[in-house]
Amino acid sequence: MILTRDAFCALDDCMKSPRLLSVALGGILLAMSCGGCATGYLGDRGRDAADIFTLTMGIGSGVRARVGPVHVAAINNADLVGLRAGQWLSNGNDIYDNAELYAPLPILARWGGGQWRAGDLLRTSSRKGTPWWKRTDLFGRETFRHGPRSEAAFRGKEIDARSPLPIVVVDRGAPFYTEVEGVIGLLFSVRAGVNPGEFLDFLLGWATLDIYNDDLSRGIDHRPPPRPR
C-alpha cells in the first residue's frame, strides 16, 4: 500500500491541534485497554495502540538517542519492566532475549546466547569464519524478544538490531525505522520512545488499512524461519 500525501497531512493536522490530539490520545488509551481482553478487530486496534509507545525501566548504564536508523550510543543495558515491542513485561527474566550494548568504537567481542561475552574481547571475529571487518554488529547489537510464541513475534515487533557503523543501526522490521527513542542509565535505566509510523498504522487501522501488516486477525506470521541445525 502507498500512503498518500493527504494521509500524512491529516496526521500532521492531528498533532498540531490540541483538541484533535486529546481525542486521539483518548482513543489510544481506550484501544489499549481492549488489547488484552478482545480478539478480532478490537484486539488488533488495542495492539496497534500499544505499539505507539515505549516506556521501560531496566538495569544498565550509559546513554542512547535514536531516530530511526540513526543513533548516538554508548550503553550496556537490559530492560526489566514496562511496555516495549507492543507488549507489557513485568520481569526481565521472562524475556526470551534481552540485551543491548553499543559503543562509539569497534567491539571485538563475541555475541552468544543473547549476551556479550566480555572474556572474548581479544578475539577478532564474532563467529568462526567471519572476520571482524565483515561484521554487521561491529559497533554493537541489541536483541529484545518476548519469545517465539508471543504476539510480538507473530506481528514482527521483536528487535534484533545491529550497528555496522558508529551512528547507524539496522533491523529487519519496518517499524524500527519510524521510532524515536532514548535511553539513559546509571545502574538503573529508563527508556522512553514514540513511533509516529505506528500512530499512523493505528489511525488507519480503524478503516481496516494495515500498513505494517501486523493485525493478528488476518493470520499474519512474521517469525523468521528456524535456523538449520
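The values are calculated or read from the model by the stated rules, or taken from the named source; none is laboratory data. Predicted model only: the values in this text are computed from it and were never measured. All Cβ positions, glycine included, derive from the backbone under ideal geometry; neighbour counts span all protein chains shown.
Checking the conditions here, which among Leu42, Leu80 is of a type in the set (A, V, I, L, M, F, W, C), surrounded by fewer than 21 Cβ atoms within 10 Å (Cβ to Cβ), at pLDDT 85 or above and more than 19 Å from the chain's Cα centre (by Cα)?
The match here is Leu42.
Can you find a residue that is hydroxyl-bearing (Ser, Thr, Tyr) and touching a strand residue (DSSP E or B) at 6+ places or on another chain (Cβ under 7 Å) anywhere in the stretch 177-190?
At the first step, the residues of the stretch 177-190 found to be hydroxyl-bearing (Ser, Thr, Tyr) are 177-178, 189.
Now narrow it down to the ones that are touching a strand residue (DSSP E or B) at 6+ places or on another chain (Cβ under 7 Å): 189.
Within the stretch 177-190, one or more residues are hydroxyl-bearing (Ser, Thr, Tyr) and touching a strand residue (DSSP E or B) at 6+ places or on another chain (Cβ under 7 Å).
From Ile211, Ile184, grab the single residue that is touching an Asp or Glu at 6+ places or on another chain (Cβ under 6 Å) and either aliphatic (A, V, I, L, M) or at pLDDT 95 or above (or both).
Values: Ile184 fails: touching an Asp or Glu at 6+ places or on another chain (Cβ under 6 Å).
Checking each option against the conditions leaves just Ile211.
Being at pLDDT below 85 and either of a type in the set (A, V, I, L, M, F, W, C) or within 15 Å of Ala65 (Cα to Cα) (or both) is the requirement here; does Ile220 meet it?
yes
So, of the residues in the stretch 163-178 that are surrounded by 20 or more Cβ atoms within 10 Å (Cβ to Cβ) and over 11 Å from the mean Cα position of the chain (by Cα), which turns out to be nearest to Trp88 (Cα to Cα)?
If we take residues in the stretch 163-178 being surrounded by 20 or more Cβ atoms within 10 Å (Cβ to Cβ) and over 11 Å from the mean Cα position of the chain (by Cα), then Val169 is nearest to Trp88 (Cα to Cα).
Return the residue satisfying two criteria in turn: it lies in the stretch 179-203 and is within 22 Å of Asn213 (Cβ to Cβ) and aliphatic (A, V, I, L, M), and of such residues it is surrounded by the most Cβ atoms within 10 Å (Cβ to Cβ).
Residue satisfying both the conditions and the ranking: Leu200.
Where in the stretch 126-216 are there strands (runs of 3 or more DSSP E), lying wholly inside it, with at least 2 residues that are out of contact with any Phe, Trp or Tyr (no Cβ under 9 Å at 6 or more places or on another chain)? Give the steps one after another, and end with the answer.
Values: elements: 140-145, 159-165, 168-170, 180-186, 188-194.
By residue number, 180-186, 188-194.
Of Arg135, Arg127, which residue is modelled with pLDDT under 90 and buried (at least 18 other Cβ atoms within 10 Å of the Cβ)?
Of Arg135, Arg127, the one residue that is modelled with pLDDT under 90 and buried (at least 18 other Cβ atoms within 10 Å of the Cβ) is Arg135.
Which residues, counting only those in the stretch 60-102, are touching a Phe, Trp or Tyr at 6+ places or on another chain (Cβ under 6 Å) and over 29 Å from Asp215 (Cβ atoms)?
Ala73, Ile75, Leu101
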